[in-house]
Structures are given as C-alpha cells and as structure tokens.
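Quick note: the coordinates plus some simple rules give every number you see, no bench work behind them. Everything numeric here is computed off the predicted structure, so don't read it as measured data. Because the Cβ atoms are built from the backbone with ideal geometry, glycine has one as well, and the counts that use them run over all protein chains shown.
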Amino acid sequence: MYSELNRILPAEIIKTNELMKDHTTFQIGGPVDIMILPQNIEQLETAVKWFEKNHIPLFVFGLGSNLLVREKGIRGGAVKISAGLTNVIFKDHEVYAQSGISLSELAQMAADHSLSGLEFAEGIPGSLGGAVVMNAGAYNGEMKDVVKEVTVLDTKGIMTVLSNRELQYGYRQSILQNSGYIVTAARLQLTSGNKNQIKKQMAELAQQRKSKQPLEMPSAGSAFRRPTGFYVGPMLEQLGLKGFTVGGAQVSDKHAGFIVNKGGATADDVLELVHYIKEKVKENFDVDLKTEFLVVGEE
C-alpha cells in the first residue's frame, strides 16, 4: 500500500515509524505509522486524498506545541503542516500566511512591517494553523481579533474559505476543532503602528514570559484553561502542588499553571498528574478544570 504513496510523493517527505516525541514541545510520544512532511499545498492535497481513498485515519498538526501523544503512538498517518507550508505575503494592512509558519515568527515579521495586532503572540510557541483552530491568545489579545478569513482543505481535497464569523470563535475554541477541516492559510487584518513601539511592547511581553514561565523546560504551555473567576497557577500554589511530581512529569516550580517534562516523562505520567490536580481542585474549590492541550494516540 505504501509503495503507491512513494510513487505519488517524494520519498524524502515520507517517514515511517517516526517518533512523535521528536515533533512535540512536550518531547513525549510514541511512533506514528506514517508521517508526511509536505513542502507545498499540492503535496498536502495529494497526501490527504491518498489517506482518504485508503480509509486510513489521518492526524494533522503544526509545531506540536499543544499536544500530548501517548506512548503507543498514532495508528494511521500524520501530516506535519509546519514542515514546509510557511509562505507569507504582506499587502497594505493585511497579511496572508500559510498555516505552518510559527505564530511568534509571524508576529515579528508583522512588527518589521510596522503592523500592529499580533504583539500578544510574541513567544507563543505554536504554528499559525494551530493558533487559528484553538483561538490562541495571551496578554489580552487572541486570534479572533485579527483573523479575517481562513482557507481550509477537506478530506476530499476541496478548498473552502471561511470568514471570521463562520469560525464561531469562543474562548480557546472555534468551529474548526473536530471539523475534519485542515487549515492551510489565514488572512489577518492588522493596523498601522510605530515599529519601535510595537517591538518594545513585544520585547516586554517576551521578558514577562521568560521571568514567569518555565520556557527552558519541555511542556505544552499552559496546562489548563482558565476557569471563570479563577487563576489556575495561584489555585495550585495554594494547594501546595508547585513542584509536585508523578514520574517524569512535574507541576512547574516556576509557574504552577504549567506541567513540565523534567526528563523521561511518559504520557501516562502527565495524565496521572492531571487527574490528581483535577481531583484536588474539585475537592477544594468546586471547580472542574479542563486541559488546554490535546491528547492523542493509542491507549
């Protein structure tokens, strides 16, 4: 079956039994049966149609920054969008960017063009595509504020353009989650600004992140969504959970809202730690925490 794939796609973009831990910021995860690293839209379309035709489940991801993959890995296929879909075009106050580009890198490029609106994205480790899907945000900004429209690909290889309104954005969510659509590009509406002021603000945000967050440790970013009326970090600190460890997974002793891989952590370690935290928070605050990262892979 895979020999057909080798005929329709370049061999160098096809990987078999590729470890997902090498493609996620958590540095956790077993092998995926077959991974495609498309360098352009045509290769992406070809791959998606092939998986659909052969009824092979397909998982699509970007920079793997919001992802926990189980040890048994992923059965079927995976496509890493950030491998090559990184083109960017600036025109007036708009930027059209392919979904594989790093959101943080795109924010820097916008600043270089004296365009404001993406300052909040400085230091967010994910891809534009992932950010668009989950309505990523920080420091009083989020993707829904700047997304004008998104280009998506369905499993039959058909492209569709969805407007901001059609995306039905909410807190860390959009209609794109579990939709079957693959985000290939987004058009963002930005505003003119002073390049030096924009860069100054971004440098300040970067410094805030560096001083407060465990950026030097493998993690998936903030572990939990913020519940209404509460802040997760202080809650866990109050419960004495800062530094609490299960196997190689630890509640960061720098910022309790982060779970870090202190070395050799497994997905089970992380999930056991998450379960324990949720129980303690429910017991003490009557709050149901929801994880911010996606858990995938064979159980």
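Some points to look at:
- Electrostatic tally near GLU292: other residues with Cβ closer than 11 Å to its Cβ, Lys and Arg +1, Asp and Glu -1, net +4.
- Antiparallel %, DSSP beta bridges [both residues in the range 2-83], to 5: 40 percent
- Kirkwood Rh and Cα Rg combined as Rg/Rh, the range 5-122: 1.04
- Taking a straight line from the alpha carbon of LYS15, these lysines sit under 20 Å away, with near neighbours fewer than eight places off in the same chain left out: LYS49, LYS53, LYS72, LYS80.
- Full-stretch length increase - GLU4, ASP92 - with 0.36 nm per residue and alpha-carbon distance subtracted: 27.3 nm
- Count, lysine Cα pairs under 15 Å in the range 214-296, 8 or more residues apart or across chains: 8
- Farthest toward positive dipole pole in the range 88-197 [+1 Lys/Arg, -1 Asp/Glu at C-beta], among LEU167, GLN98, ALA111: LEU167
- 3J(HN,Hα) from dihedral phi, the range 140-148, Karplus parametrisation 6.51/-1.76/1.60, rounded to Hz, x for glycine, proline: 6, x, 8, 4, 4, 6, 10, 6, 8
- Shape class for the range 88-197, computed from the alpha carbon gyration tensor (a ≥ b ≥ c): prolate, with a/c not under 1.5 and a/b above b/c.
- Of all DSSP beta bridges in the range 88-197, antiparallel share, percent nearest 5: 100 percent
- For the range 145-299, size of Cβ-based charge dipole, Lys and Arg +1, Asp and Glu -1, in debye: 880 debye
- Three principal axis extents describe the C-alpha atoms of the chain; from largest down they are 56, 49, 31 Å.
- All lysines inside 19 Å of LYS148 as judged from Cα atoms, apart from same-chain residues fewer than 8 positions distant: LYS91
- Our note on the geometry: Cα centres of the range 206-254 and the range 29-73, 29 Å apart.
- Dipole check for the chain: with +1 at the C-beta of Lys and Arg, -1 at the C-beta of Asp and Glu, and the Cα centre as origin, the magnitude is about 360 Debye.
- Our summary gives the range 142-299 a relative contact order of 17 percent, counting only alpha carbon pairs under 8 angstrom and 6 or more residues apart.
- Length-normalised contact order of the range 2-83 in % [C-alpha pairs under 8 Å, at least 6 apart]: 36 percent
- Mean Cβ count within 10 Å, highest first, over the residues of peptides 270-279, 79-88, 96-105, 205-214: 96-105, 79-88, 270-279, 205-214
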